[in-house]
Amino acid sequence: MGAKGYIARRAAQSVVTIFVVAVLMFVLFRLMPGDPTAVALSPALDESVQQEMARQYGLNQPLHIQFIRYMASVVTLDFGYSFFQNEPVRDILMRRIGNTLLLMGTGLLLAYAFGTSIGALAAWKRGSFDTRVLVSAVLFRSTPVFWLALVLLYVFGFHLEWFPIGHMVDAQAEYSGFLDKVFSVDFLHHLFLPVLSTVPFYMAYPLLLMRTTMLRIEGEDFITMAHAKGVRDRDVFAKHAARNSLLPIVTTAPIVVGLAVAGNVLVETIYSWPGVGRTLVQAVLQSDYPLAQAAFLMIAVIVIIGNFVADLLYTVIDPRITYD
């Protein structure tokens, strides 16, 4: 199978997976307890107004018609109006996705930078340092993100009052634009605790993976040859061992990115961070079907695309891996 055939087959598999997830979202939300019309249609409204709103939201149509309309909205990315916020779902999510990517991206960037560096050093410098790093990594990986977030919020937010307890910026702050807000001290002050809650957990994965790969590569012939040629240990470490250990780190990064989007749901909720995760939780609690379905689907699509990109990166980074 050639490159085009492989990419086409993986793309088709991704599309089918997205379709299955979309169907599951429609079914699961209809099985949830509660009546969505109670949110969209207030009993205090005039009957004619209720009928018009039911027609607008499609709540008066049979279930199979609602399903057809829902699948059409998935294809066209037009998810209708939110029951609770009464504005287009797409507009709501477009405002939130940037906030989620900022929080998740900062946390993952720091996690991978520290994780790969410490993992490489732990493998290269065997002994007590390696043991301490290994124990710490296992501890970080075993610590739930939401538990650490709650502890940090209580200690540094409520008790010491060093950091704000929620939101992205102070309510009284005014900024001329998105970039002006992001690069402000106020924003960084609010960002610190949410990022600190995610870094230890996600840092453990590249740390352990880098350490394991480095230990395997240290026994390869080209490392022995480099030492025999008189290459300095520092250069052997950086240019030969560490560089050749980055393949599994890079190729698994898209998968971790997709999982981190889903994992940030609790962090966003705890810190009242206005991202897709917190929006999803609010939509579920309010039985806001259009918004909840679209938010779930957005997270699922990011995870699926992450897996697709990871598969393609294998052959780009390591030419020894073929599409066959």
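The values are calculated or read from the model by the stated rules, or taken from the named source; none is laboratory data. Just so it is clear, the model here is predicted, and its values are computed rather than measured. For neighbour counting, all protein chains shown are included, and Cβ atoms are generated from backbone atoms with ideal geometry for every residue, glycine included. These accessible areas exclude ligands, DNA and RNA; they are computed on the full protein's heavy atoms, side chains included. Shrake-Rupley method; radii C 1.70, N 1.55, O 1.52, S 1.80 Å.
Screening segment 65-85 for residues that are open to solvent by 90 Å² or more (accessible area, probe 1.4 Å) and not in a helix (DSSP H, G or I) and picking the one that is nearest to V23 (Cα to Cα) gives L77. Only a single item in (1) at pLDDT 70 or above; (2) part of a loop (DSSP other than H, G, I, E, B) is not met by G219, and it is number (1).
Of all residues in segment 143-189 being among the hydrophobic types (A, V, I, L, M, F, W, C) and in contact with an Asp or Glu (Cβ under 7 Å, 6 or more places away or on another chain), which is surrounded by the fewest Cβ atoms within 10 Å (Cβ to Cβ)? Even if it seems obvious, please write down each step before you answer.
Here is the first cut: in segment 143-189, the ones among the hydrophobic types (A, V, I, L, M, F, W, C) are 145-153, 155-156, 158, 160, 162-163, 165, 168-169, 171, 173, 178-179, 182-183, 185, 187-188.
Remaining after also requiring in contact with an Asp or Glu (Cβ under 7 Å, 6 or more places away or on another chain): 169, 173.
Working: V169: 17, A173: 13.
Once the filter is applied, the top-ranked residue is A173.
Residues that are open to solvent by 40 Å² or more (accessible area, probe 1.4 Å), at pLDDT 60 or above and not charged (D, E, K, R) were ranked within segment 24-49; the one that is farthest from T76 (Cα to Cα) is S48. Looking only at segment 137-155, which residues are in contact with a helix residue (DSSP H, G or I) (Cβ under 7 Å, 6 or more places away or on another chain) and in a helix (DSSP H, G or I)? Within segment 137-155, A137, F140, R141, V145, F146, L148, A149, L150, L152, L153 meet the criteria.
Residue-by-condition table, conditions (1) touching a strand residue (DSSP E or B) at 6+ places or on another chain (Cβ under 9 Å); (2) at pLDDT below 85; (3) under 15 Å from G277 (Cα atoms):
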{"residue": "D78", "(1), (2), (3)": "yes, yes, no"}
{"residue": "Y81", "(1), (2), (3)": "yes, yes, no"}
{"residue": "V89", "(1), (2), (3)": "yes, no, yes"}
{"residue": "R95", "(1), (2), (3)": "no, no, yes"}
{"residue": "A113", "(1), (2), (3)": "no, no, no"}
{"residue": "S117", "(1), (2), (3)": "no, no, no"}
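Residues that are among the small types (G, A, S) and part of a loop (DSSP other than H, G, I, E, B) within segment 175-198 comprise S176, G177, S184, listed in sequence order.
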